[in-house]
Structures are given as structure tokens and as C-alpha cells.
1. Are any residues in the range 78-97 more than 21 Å from Ile169 (Cα to Cα) and either touching a strand residue (DSSP E or B) at 6+ places or on another chain (Cβ under 9 Å) or in contact (Cβ under 8 Å) with a residue 12 or more places away in the chain (or both), and if so, which ones?
2. Which one of these does Ile169 not meet: (1) surrounded by fewer than 17 Cβ atoms within 10 Å (Cβ to Cβ); (2) hydrophobic (A, V, I, L, M, F, W, C); (3) free of Cβ contacts under 8 Å to residues at least 12 places away in the same chain?
3. Would you pick out the residues in the range 1-17 that are in contact (Cβ under 8 Å) with a residue 40 or more places away in the chain and surrounded by fewer than 21 Cβ atoms within 10 Å (Cβ to Cβ)?
4. In the list Lys131, Lys136, Lys111, Lys74, which residue meets the criterion of being touching a strand residue (DSSP E or B) at 6+ places or on another chain (Cβ under 7 Å), modelled with pLDDT of 95 or more and assigned by TED's automatic domain parsing to the domain that holds Lys164?
5. Could you tell me which residue of the range 233-256 is surrounded by the fewest Cβ atoms within 10 Å (Cβ to Cβ), considering only residues that are closer than 17 Å to Leu12 by Cβ and among the hydrophobic types (A, V, I, L, M, F, W, C)?
6. Considering only residues that are touching a strand residue (DSSP E or B) at 6+ places or on another chain (Cβ under 7 Å) and β-branched (Val, Ile, Thr), which ones fall in the range 233-269?
7. Checking the conditions here, which among Leu218, Leu226, Leu195 is buried (at least 16 other Cβ atoms within 10 Å of the Cβ), touching a residue at least 40 places away in the same chain (Cβ under 8 Å) and not basic (Lys, Arg)?
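The values are calculated or read from the model by the stated rules, or taken from the named source; none is laboratory data. Here the structure is a predicted model, which is why all the values come from computation and not from measurement. Using ideal geometry, Cβ is built from the backbone for each residue, glycine included, and neighbour counts are taken over all protein chains shown.
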Amino acid sequence: MNFDNILLFTDLDGSLLNKKTFDFNAASYLIKDCISKGINIIPNSSKTDLELNEICEDLDIPKIYISENGSCIKGLNFLSNSLNKEIILSRSKEIILKNFIENVDMNLRQKCLILENEPLQNQIEILGLPKDKIPKALNRKFSFPFIFEGNEDQEVQLKTIIKKNGLKIQFGGRVLNLGDEVSKGNAMKKFVSLLSKQTKKNYVLICVGDNENDFDMLDKCDFPCLVKNGPIKKMNFKNQCIFSTQEAPYGWVEVVNETLNKIEEIKNK
């Protein structure tokens, strides 16, 4: 059966990639099977362009993805020649930093350890990445990964100020990310809207995530999937969610297989 009207948007760390080892080998066969059936797998991640280019090569999938928590769409031209290679949905990180400095008081700013300003060893320990991966992880155009060292009340205060000034703090794997008022879900909707307009197709959307940072994306798709990754607050999505019993990458395989079987049953009715 052909599934070429399916778009599978997936978070990476903790969803497809193991949160500790970043391994995805257990999902390799299913990824190849999806591609052979015409299913497009689209990473939707907090990661940078450089990281996502490398991961797409490792996964052996086209370089079509959404980077930095919904800040930028890359590679739509692979799906339709008339679409742009890059669609930017965020202001630059220079503008974001200027906004941050002008509107957040010094006391709160000093409790934000921006990773690109930290020593290399700290960056390695915080991100859990080898030395050679750090430059790609910090080569950001639209966001700043940081650790907040204040208390809960101060964190609430920081988030309130950030939101009031048109910025956003999102959790991305191991750190917080300061960026523009963008989201994975809104970027996905833009992606699908542009593609549908060109191809005249109605797409079925599968989304796989593992934490609250993915909830917006999961709520905007047809088949939301949550991969087990420690305790997580319950969320009522628009459509029924499929939950894995295992962590990534086995959990990714579990929920994607269950979803594809469900879609096949619907198509065969």
C-alpha cells in the first residue's frame, strides 16, 4: 500500500534518538521501510541546521526539517520545486538578545548561563555531547540555549517578562532555549499549508514527541504519539494519543508501527 500522503514529523532527542546515547539503530529498518512506502520523515527539533543536516545524512533521509523549535523550515523544495529552500519564521538571535538585555533586569539575567559563553568543558557536560559536536550544537541563528540557576519564583518571573516582550522560553532536551514567539506546531502548520497549496494534496500528519516542548505539535496533527521519557504531565490532545511503553529508539518504533497499522486499517475499511 502507498502512503505518500503521510508526513511524519518527529522530535529527535528522547523521541527517535536515545536521550543518553543518541542512538537510533533500532529504528533504522522502520525508517527505511517508511521511505520506501513514500512516507516523508521530517525532523522537527530544537537542533541547529548543522546538526540536522548531519542527522538527516545519518538517517539516510532527505534534508527536509524544521530547526530551532519552529524557527526555520528547510528543504521544502525537495518536495515541490516551486517552494523555497528556506523559510524563516523567527527574528535573528541578535535581535532576540537585544530584546532580552533591554527588558530583563540584571539580577535575572545573571542567573541565565548562556551556553555559548560557557567554557568548553561545561558545554560538554551540560549537552552530553562529545567535543567535536559542540560547535554544531551552538551554531544557532535564532535561539540561545541556557541554564537557569534561580529559584522557581524567579523562573516564573523570567518567563513572564520574556512572554510580555514577545519572546519565548522552550525546553529542548537538556537545556532551556530562549527564542522568538515560534513553536514546532505552528511551523509544521506553515510547512503543510505551503506544501498542500502546491501539490493539491490533503496530508495525514503523524507526530512523535517525548515532552511538553512537543505538545503544541502533537495537538495539531492527526495521529499524536508520545515516547516514554520519564514522568510527564498528562495532556488531552485534539486526537487520541498513542503512548509507548519503551524509551527511544524502541519507543519510536512502537508508536510509529502502531500508527501505521491503524492508518492501514482505516484505509482498508
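1. Selection gives Phe78, Leu79, Ser80, Ser82, Leu83, Asn84, Lys85, Glu86, Ile87.
2. In the conditions (1) surrounded by fewer than 17 Cβ atoms within 10 Å (Cβ to Cβ); (2) hydrophobic (A, V, I, L, M, F, W, C); (3) free of Cβ contacts under 8 Å to residues at least 12 places away in the same chain, Ile169 misses (1) alone.
3. The answer is Met1, Phe3, Asn5.
4. Residue meeting the stated conditions: Lys111.
5. Filtering the range 233-256 for residues that are closer than 17 Å to Leu12 by Cβ and among the hydrophobic types (A, V, I, L, M, F, W, C), the one surrounded by the fewest Cβ atoms within 10 Å (Cβ to Cβ) comes out as Val253.
6. Ile242, Val255, Val256, Thr259, Ile263
7. Selected residue: Leu195, the only one of Leu218, Leu226, Leu195 that is buried (at least 16 other Cβ atoms within 10 Å of the Cβ), touching a residue at least 40 places away in the same chain (Cβ under 8 Å) and not basic (Lys, Arg).
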